[in-house]
Amino acid sequence: MVGRRRPLGDQQPDLFAASFADIPVRDQRDTMERPFFSLAKRPRVAPIEYQVGDVWVEVSANPKFGMATIWDADILIWASTQITEALDRKLKPSRTIQFHPYNLLKSIRRTTGGADYVRLRAALERLTHTAVRTNIRADGKQKFASFHWLESWTETTNETTGEPLGMTLTLPDWLYSGIVKRGGVLTIHEDYFLLTGGIERWLYRVARKHAGRQEIGWRFTMRQLYAKSGSAARFSDFALDIRKAVQRNQLPEYELNSYRNPAGDEIVSFVHRSRLLISNPQFKWTRNPQRRYTQGSITES
């Protein structure tokens with residue numbers, strides 16, 4: 001057959017094993033503070049509509065699957081970690097990652113029983129069918145991106161036993177470009193995966209994004225937090241949940257406090273525990289959080 005030559009870069013996809021161990025967990029920073037995910041475990045179909053200044057986010061759920069949750073986002077954090085580690089090792093990653101579901105579940109600190117694989121598939125479906133529109137990282141105020149958290153996912157199983165053999169997932173351009181750009185990810189504590197409450201998970205991501213290790217930390221009014229959360233709860237119920245989280249004060253790395261300012265606004269503050277007085281029982285030395293991420297692989301395009 002006579003045909004034209006392959007264009008440069010048109011080679012068949014290559015596959016390399018990304019058997020990374022004891023590496024920091026990374027989260028894509030643009031997704032950490034704004035309301036991209038449902039904070040509730042019960043299915044949500046009501047859309048999220050958020051705008052502060054010129055920045056806006058819209059999230060729509062598929063009625064059959066519901067909106068992607070902040071627990072589903074653990075899969076995206078895992079993908080961010082795999083891709084960032086590949087870049088750090090001078091490897092060429094792409095948007096498509098091949099992995100064994102057992103390794104993903106272990107990496108995000110889940111159990112690996114039969115029900116966990118069912119929940120993983122449900123999470124992948126929600127990520128695939130949740131629609132997002134935003135002008136974050138758009139060039140110009142009138143431009144925006146429209147995407148789903150996953151473009152696609154596949155699974156291979158043993159035809160006889162039904163045992164899962166391997167999976168792939170493909171990230172959207174918007175998320176992938178945010179991961180690979182300089183400064184696009186932040187290291188997070190591996191104990192984040194152990195947080196059971198959606199509010200506490202979201203508070204940790206907000207604290208990590210804004211407070212970091214700044215000496216005075218960061219603070220928001222309760223109303224600001226409510227707007228940023230995209231919560232479907234009433235403001236009074238949301239505020240009650242925040243106060244309970246402050247009382248528990250169990251976020252990895254960060255101490256939570258709340259108080260009233262002179263204007264009467266309720267303020268919630270975040271301070272890295274290494275910035276507290278050493279005499280404070282909540283003080284903890286800074287450490288490099290790491291977590292084992294093994295046997296993923298990334299398909300080069």
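How would you rank GLU85, GLU163, GLU253, GLU155, going from fewest to most other Cβ atoms within 10 Å of each one's own Cβ?
Numbers: GLU85 20, GLU163 9, GLU253 23, GLU155 15.
Going from least to most buried by this count: GLU163, GLU155, GLU85, GLU253.
Relative contact order of the range 15-299, please, whole-number percent, based on alpha carbon pairs below 8 angstrom and at least 6 residues apart. Walk me through the intermediate numbers first.
On the way: 538 pairs, mean separation 82.3, N = 285.
Relative contact order for the range 15-299 comes out at 29 percent.
What order do you get for ARG248, ARG133, ARG126 when you list them from fewest to most C-beta neighbours inside 10 Å? Mind dumping the intermediate values first?
Numbers: ARG248 11, ARG133 14, ARG126 27.
Sorted ascending by nearby Cβ count, the order is ARG248, ARG133, ARG126.
Just from the alpha-carbon atoms, what are the Rg and Dmax of the range 101-163 in angstroms?
16.5, 54
Kindly identify the range 114-210 as rounded, prolate or oblate by the Cα gyration tensor criterion: order the square roots of the eigenvalues as a ≥ b ≥ c, call it rounded if a/c is under 1.5, otherwise compare a/b with b/c, prolate if a/b is larger, else oblate.
oblate
Report the rotationally averaged projected area of the range 15-299 based on its alpha-carbon convex hull, in square nanometres. Provide the component values of the computation, followed by the final result.
Values: hull surface 65.0 nm².
Answer in nm², one decimal: 16.3.
Put a dot 7 Å past each Cα toward the Cβ at PHE235 and GLU163; how far apart are the dots in nm?
The answer from the label model is 5.6 nm.
For LYS244 and ARG137, FRET efficiency with R0 = 45 Å and r from the beta-carbon atoms, rounded to 0.05?
Values: r = 34 Å, r/R0 = 0.76.
So the FRET efficiency works out to roughly 0.85.
Report the residues of the range 78-110 in range of a label on ASP173: point 7 Å along Cα→C-beta, backbone N strictly under 14 Å from it.
95
For SER231, what charge total do you get from the other residues with a beta carbon under 11 Å from its beta carbon, if Lys and Arg give +1 and Asp and Glu give -1? Please report the intermediate quantities before stating the final value.
On the way: positive: ARG44, LYS228, ARG234; negative: ASP237, ASP241.
Value of the local net charge: +1.
Compute the signed sum of charges (Lys and Arg +1, Asp and Glu -1) over the other residues within less than 13 Å, Cβ to Cβ, of GLN250.
Numbers: positive: ARG201, LYS244, ARG248, ARG273, LYS284; negative: ASP191, GLU200, GLU253, GLU255.
Net charge in that neighbourhood comes out at +1.
Strictly over 31 Å apart at the Cα level, which of LYS90/LYS143; LYS92/LYS143; LYS64/LYS181; LYS41/LYS106; LYS92/LYS284 would you flag in this model?
LYS90/LYS143; LYS64/LYS181; LYS92/LYS284
What list do you get for ILE267, ILE188 if you sort them by fewest beta carbons within 10 Å? Walk me through the numbers before you get to the answer.
On the way: ILE267 16, ILE188 24.
If I rank by nearby Cβ atoms, fewest first, I get ILE267, ILE188.
Computed from the coordinates by the stated procedures, all read-outs in this text should not be read as laboratory data. Given the structure is predicted, the values throughout are model-derived calculations rather than measurements. Please note: Cβ atoms are built from the backbone with ideal geometry, for glycine as well, and neighbour counts cover all protein chains shown.
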